[in-house]
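K.L.:
Have a look at the structure that comes next, please.
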Amino acid sequence: MGDQPNPQQTVAVAEEEKPRTGSRRMVLNMGPQHPSTHGVLRLVLELDGEIIVKCEPELGYLHTGIEKEFEVKNYQQAVTLTDRVDYLAPLSNNLGYCLAVEKLLGLEIPPKAQWMRVMLTELTRLNSHLVWLGTHALDIGAMTVFLYCFREREDILRIFEMFSGQRMMTSYFRIGGLALDPPRGWHERVKKFIDTFPSRVDEYENLLTSNRIWMGRTQGVGRISLEDMLDLGVTGPMLRAAGLKIDARKDEPYSSYEKFDFEVPVRTENDVFARYLVRLEEMRQSAKIVRQAMDGMPEGPWKADDQHVVLPDREKMKTQMEALIYHFKIVTEGFRVPAGEVYQVIESPRGELGFYAVSDGTAHPFRVHMRTPSFGNLQATSVMVEGTLIADVIAAIGSMDFVLGDTDR
Amino acid sequence: MLPDSLRQHATALSVEAFDGDAITGGNCDRGELTIEIAAPKIGSVCGFLKFDQGFARLSTVTAVDRYPAEPRFEVVYHLHSVEHNRRVRLKCRVSGTEPAIDSVTSVWRSANWYEREVFDLFGIQFRNHPNLKRIMMPDDWEGHPLRKDYPVTGSRV
């Protein structure tokens, strides 16, 4: 806290004194195995005393060639790859990819599937924000919050397991709708969770918001101007904590988000504390959306009516030759997607998640590029931490909420 | 030349007014505007779109390999105007022999890593880039994995 040192001035002083004192600088590697980088990120920090003169992020340690892998899968198989990009928000990735391919196909998704997608994506946002809050607080020294957050996260993962059979790599959204019929009893389960959740958010707030240590570690820390952020490709809660009301769910609605009533929280302080408040409020808003989706869940089919793309019902396959043939064709060859290209944007918990999908008319994607929010956000690290104290780096990079799987793909 | 189908798009018209020779084609497919730009003009067109047309954000830069067609690569830019809530895609075709294009890092700093990624995975050079080195693959890696003639599996011999 207190006065932020001026980076230019610091550098200038160090340069001036160099002939007399020799270089005072020290190079410190933070990572690739550092507990608070949440993944394998390496920051090469050049220090002058406790002040960071230069920061260079090194990434690529988790590069797995997912974009290459897309090109040898058929469209439906590739859904499973998207789970593994941002492993804290698998359903957001599923949604972005499915929407992109559905846009290429010109496929209409029935309301029930859309509502279900909205509900589960918002639960994913809660899941992701809970992990962020818990680990961020842990980094700064608040152990308790972590335990509480993971208690609620466990409930969400159980809900995911109920729907898809998987806790994390859910792949529950498929091109054309959902993977399975929503399970019996889902309504009670989600209701039970969402009834108690807002009071849990109050609990976190009680522990942190007016906690003097928390305020001391986060207020006035990690500042970076809005112009810099826009220029450097930062998106999501970071921009909203700097006063810019930007949210793809409102600006470029997808999957019927325009039919839901929610607010986009905005703060103007533009520091770590403001980002924390923005994300907490987002959790409350997400809970509100989940409740609306749950209460207003439309009746009807949960997958699109297109026999070329969507697998037929089991019952039909037992009685209709045609259904059996389509099933065989889709499973063995996949479906063809008309040539073209789309860029589909969704608001992931971390910011703008864009899928750029190019089709050449075959059953395999010609090229899929993921514009992941973590990659964009991480690029601002240098500007944000240069000239600040090394002790604030942890708080500053924690407030960016990046996932290295999402960065490196 | 601006295709006639794009005459109702303000962004496309403004680019034509700025530099008509820069446009080599374009379309509006599935509600998304694509303008094809002659590769040598990309820097000036991007500067115009950012400072005159309010495209404050560069969402992403990527490439598509059309091997064995020639020109082989398409370098694709996705621009976003927060102010007008509008997006546009720019596309430049780049030859497969010694592929190179001007960097747009002087327009948006965010281009830095995106161009490094394209350089790393496609082997396209970006002229006047401040720090053009590999970002995903190890520094001593041979080849560019996202090229179509690069195998998906297999080991080095």
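The values are calculated or read from the model by the stated rules, or taken from the named source; none is laboratory data. The shown structure was predicted, so the numbers you read here are calculated from the model rather than taken from an experiment. Note: ideal-geometry Cβ built from the backbone for every residue, glycine included; neighbour counts use all protein chains shown. SASA here: full protein model, heavy atoms, side chains in, ligands and nucleic acids out. Shrake-Rupley method; radii C 1.70, N 1.55, O 1.52, S 1.80 Å.
K.L.:
Please work out the Kirkwood hydrodynamic radius for region A:265-322, using every pair of different C-alpha atoms, and report it in angstroms with one decimal place.
P.N.:
Across region A:265-322, the inverse of the average 1/r is 15.7 Å.
K.L.:
Can you give the Rg to Rh ratio of region A:34-148, both from alpha-carbon atoms, with Rh computed by the Kirkwood formula?
P.N.:
Expressed as Rg/Rh, it is 1.09.
K.L.:
Just the number, please: carbon plus sulfur as a percent of the accessible area of chain B, 1.4 Å probe, no ligands or DNA/RNA counted.
P.N.:
50 percent
K.L.:
P(r) for region B:59-157, please, calculated from all Cα pair distances in 5 Å bins and given in %.
P.N.:
Histogram of Cα-Cα distances, whole percents per bin: 2, 12, 22, 23, 18, 12, 6, 3, 1, 0, 0.
K.L.:
Same structure again: What are the semi-axes of the equivalent ellipsoid for region A:283-358, taken as the square roots of 5 times the Cα gyration tensor eigenvalues, largest first, in whole Å?
P.N.:
Semi-axes, largest first: 33, 22, 9 Å.
K.L.:
Provide the packing ranking of B:99-111, A:299-311, i.e. peptides ordered by the mean count of other C-beta atoms within 10 Å per residue, highest first.
P.N.:
B:99-111, A:299-311
K.L.:
Here is a follow-up. Going by alpha carbons, how many degrees (0 to 90, nearest 10) lie between the helix axis of A:90-105 and the longest principal axis of chain A?
P.N.:
50 degrees
K.L.:
Taking N as the number of residues in region A:166-240, what value does Rg over Cα atoms divided by 2.2 N^0.38 Å take?
P.N.:
So region A:166-240 has a normalised radius of gyration of 1.74.
K.L.:
How many Cβ atoms of partner chains, on average, are near each residue of A:193-202 if near means within 10 Å of its Cβ?
P.N.:
Across the residues of A:193-202, the mean count of other-chain Cβ atoms within 10 Å is 0.
K.L.:
I'd like the projected area of region A:362-405, averaged over all directions, using the convex hull of its alpha carbons. Report it in nm² with one decimal.
P.N.:
Hull-based average projected area comes out at 3.9 nm².
K.L.:
Sticking with this one: Please give the charge dipole size of region B:18-115, origin at the Cα centre, charges +1 on K and R Cβ atoms and -1 on D and E Cβ atoms. Round to the nearest 20 debye.
P.N.:
300 debye
K.L.:
Kindly state, as a whole number, the per residue volume in cubic angstrom of the convex hull around the alpha carbon atoms of region B:1-139.
P.N.:
With only Cα atoms used, region B:1-139 gives 113 Å³ per residue.
K.L.:
Continuing with this model, one more query. List the lysines whose Cα sits under 25 Å from the Cα of A:Lys112, skipping any in the same chain fewer than 8 residues away.
P.N.:
Candidates past the 8-residue exclusion: A:Lys103, A:Lys191, A:Lys192, A:Lys250, A:Lys259, A:Lys288, A:Lys303, A:Lys316.
K.L.:
Next question. Across the Cα atoms of region A:206-325, what radius of gyration and what greatest pairwise Cα-Cα distance (Dmax) are found, in Å?
P.N.:
Gyration radius and largest Cα-Cα distance of region A:206-325: 22.1, 70 Å.
K.L.:
Right, something else. Run the accessible area of region A:210-300 with a 1.4 Å probe and give the carbon-and-sulfur part as a rounded percent.
P.N.:
48 percent
K.L.:
Something else about it: Spelling out what I want: for every residue of region A:120-127, take phi, set θ = phi - 60°, compute 6.51 cos²θ - 1.76 cosθ + 1.60 (Karplus), and round to whole Hz; glycine and proline get x.
P.N.:
The phi angles translate into 6, 5, 5, 4, 5, 4, 4, 3 Hz.
K.L.:
What residues of region B:3-38 lose no less than 10 Å² of accessible area with every protein chain in place versus their chain by itself (probe 1.4 Å, heavy atoms only)?
P.N.:
B:Asp29, B:Arg30, B:Glu32
K.L.:
Give me log10 I(q)/I(0) at q = 0.18, 0.25, 0.28 Å⁻¹ for region B:44-115, Debye formula, one equal scatterer per alpha-carbon, no solvent.
P.N.:
Computed log10 I(q)/I(0) values: -0.69, -1.11, -1.28.
K.L.:
B plus A alone minus the pair: what accessible area, both sides summed, probe 1.4 Å, in Å² to 100?
P.N.:
That pair hides around 3800 Å² of surface in total.
K.L.:
Ok, one more. Among all the aspartates and glutamates, which ones have a C-alpha under 17 Å from B:Lys133's C-alpha, if same-chain residues fewer than 8 places away are not counted?
P.N.:
Qualifying aspartates and glutamates at Cα under 17 Å: A:Glu56, A:Glu58, A:Asp408, B:Glu98, B:Asp102, B:Glu115, B:Glu117, B:Asp120, B:Glu142.
K.L.:
So what is the accessible area of chain A per residue, in Å², with the probe set to 1.4 Å?
P.N.:
39 Å²
K.L.:
On to the next question. How large is the direction-averaged shadow of the alpha-carbon convex hull of region A:301-409, in nm²?
P.N.:
Value for region A:301-409: 9.9 nm².
K.L.:
Over the protein assembly as shown, what number does the Rg to Rh ratio reach, with both radii from the alpha-carbon atoms and Rh per Kirkwood?
P.N.:
0.97
K.L.:
Inside 10 Å of the C-beta atoms of B:130-138, what's the mean count of C-beta atoms belonging to other chains?
P.N.:
Mean number of neighbouring Cβ atoms from other chains: 3.
K.L.:
Measure nothing but the geometry: give the 0 to 90° angle between the long axis through the Cα atoms of A:143-164 and the longest principal axis through the Cα atoms of chain A, rounded to 10°.
P.N.:
Computed tilt is about 20 degrees.
K.L.:
For region A:210-252, what is the convex hull (Cα atoms) projected area averaged across all directions, in square nanometres?
P.N.:
The directionally averaged projection comes out at 3.9 nm².
K.L.:
On a 0 to 90 degree scale, rounded to 10, what angle separates helix A:321-333 from the longest Cα axis of chain A?
P.N.:
30 degrees
K.L.:
How large is the charge dipole for the protein assembly as shown, taken about the Cα centre, if only the Cβ atoms of Lys, Arg (+1) and Asp, Glu (-1) carry charge, to the nearest 20 debye?
P.N.:
920 debye
K.L.:
Additional query: Given the rule -39500 (n - 2.57) for each run of at least 4 DSSP H residues, summed and divided by the residues of chain A, what is its mean residue ellipticity at 222 nm, to the nearest 500 deg cm²/dmol?
P.N.:
Calculated from helices alone, the mean residue ellipticity at 222 nm is -15500 deg cm²/dmol.
K.L.:
Moving to a separate point now. Scattering from the C-alpha atoms of region B:24-68 alone, worked out with Debye: what is log10 I(q)/I(0) at q = 0.26, 0.27, 0.28, 0.31 1/Å?
P.N.:
-1.26, -1.28, -1.28, -1.23
K.L.:
Which whole number gives the average count of other chain Cβ atoms within 10 Å of the Cβ atoms across peptide A:359-372?
P.N.:
That average works out to 3.
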